[in-house]
Amino acid sequence: MPATATDLPRDIPEAVRGEPVELTHASAISRRALRRGQYASAHPARARIARGWIGLEKTMADGRRQVLALFLPGDTLTEQIAGDAAETLQFVAMSDAVLEGAPLSDAPGSAQRVVEELLLLHQRALRQIVRLGRMTAIERMADLLLELYERQAPFPSRSERVRIDLPLTQAQLSDILGLSSVHINRCLKALRDHGAVRLRHGWAEFTPADLARQIG
């Protein structure tokens, strides 16, 4: 049976959202579990994602949300990520997730590692700016899937059919790409109808070269 856009769950219950799980003493943290939609505060701790996905989210006064960045397993959450906007941004679990403490040590290279993490985040933020500012809806979706593939594949291939983890709801994709849920559904259907993407709950399958041709 062919996959449909509706194979992705639409949203998460609002009841899951609530007071952030505090991670204020990283050295004391072993592991902390989060449910999808639950907020986490990493100020001033460092926490590494052992499992699941985390988003950096801005919530508007009227309830609209924009996800500014995605963090995958192995990535680190720190207070430096939000910078001066730390009071208005929140980390939110995009899927069920597990965080573990990742305090800095005095070992050589620790400071350099932090700098490299922030530079990589900056590069991804620039890509998100271009995505939201200049791309069409189809291009945004294709570019996001390509970025997620590049981050998940140690040796990316453009010509082979690949499968990536995609534990996101339609509403979360809406918050990442700045589109309505209806528009997200139409984009996924268009990509599916062209044979560019196959979707199931939790994963997406595509040929990177086919998706790249969707981007002008």
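One table, with the values for the structure above:
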| read-out | value |
| --- | --- |
| The listed residue being under 23 Å from ALA93 (Cβ atoms), of a type in the set (D, E, K, R) and in contact with a helix residue (DSSP H, G or I) (Cβ under 6 Å, 6 or more places away or on another chain), out of ARG127, ARG131 | ARG131 |
| Meets criteria (modelled with pLDDT of 95 or more and acidic (Asp, Glu)) for ASP165 | yes |
| Residues of the stretch 135-167 that turn out to be of a type outside the set (Val, Ile, Thr) and touching a Cys at 6+ places or on another chain (Cβ under 7 Å), as a count | 2 |
| Evaluation of ALA171 against (1) more than 23 Å from GLY216 (Cβ to Cβ); (2) surrounded by fewer than 16 Cβ atoms within 10 Å (Cβ to Cβ) (one fails), failing number | (2) |
| Tally, over the stretch 140-161, of residues that are in contact with a Phe, Trp or Tyr (Cβ under 8 Å, 6 or more places away or on another chain), surrounded by fewer than 18 Cβ atoms within 10 Å (Cβ to Cβ) and in contact (Cβ under 8 Å) with a residue 60 or more places away in the chain | 0 |
| Criterion: in contact with a strand residue (DSSP E or B) (Cβ under 7 Å, 6 or more places away or on another chain) and over 18 Å from VAL67 (Cβ atoms) - qualifying residue of ARG213, ARG198 | ARG198 |
| Qualifying residue in the stretch 109-130 (condition: more than 21 Å from LEU188 (Cα to Cα), basic (Lys, Arg) and over 19 Å from the mean Cα position of the chain (by Cα)) | yes |
| Residues of the stretch 105-139 that turn out to be among the hydrophobic types (A, V, I, L, M, F, W, C), surrounded by fewer than 16 Cβ atoms within 10 Å (Cβ to Cβ) and touching a residue at least 12 places away in the same chain (Cβ under 8 Å), as a count | 4 |
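Residue-wise test of (1) modelled with pLDDT of 90 or more; (2) at positive phi.
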position	(1), (2)
GLU14	no, no
SER27	no, no
TRP53	yes, no
GLY63	yes, yes
GLN66	yes, no
THR76	yes, no
PRO103	no, no
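Table: residues versus (1) modelled with pLDDT of 95 or more; (2) farther than 24 Å from SER95 by Cα; (3) among the polar types (S, T, N, Q).
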position: MET135; (1), (2), (3): yes, yes, no
position: ALA153; (1), (2), (3): no, no, no
position: GLU160; (1), (2), (3): no, yes, no
position: HIS194; (1), (2), (3): no, yes, no
position: ARG213; (1), (2), (3): no, yes, no
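The values are calculated or read from the model by the stated rules, or taken from the named source; none is laboratory data. What you see is a predicted model, and the numbers here were worked out from it, not measured in a lab. Cβ coordinates were reconstructed from backbone atoms using ideal geometry, including for glycine residues, and neighbour counts include every protein chain displayed.
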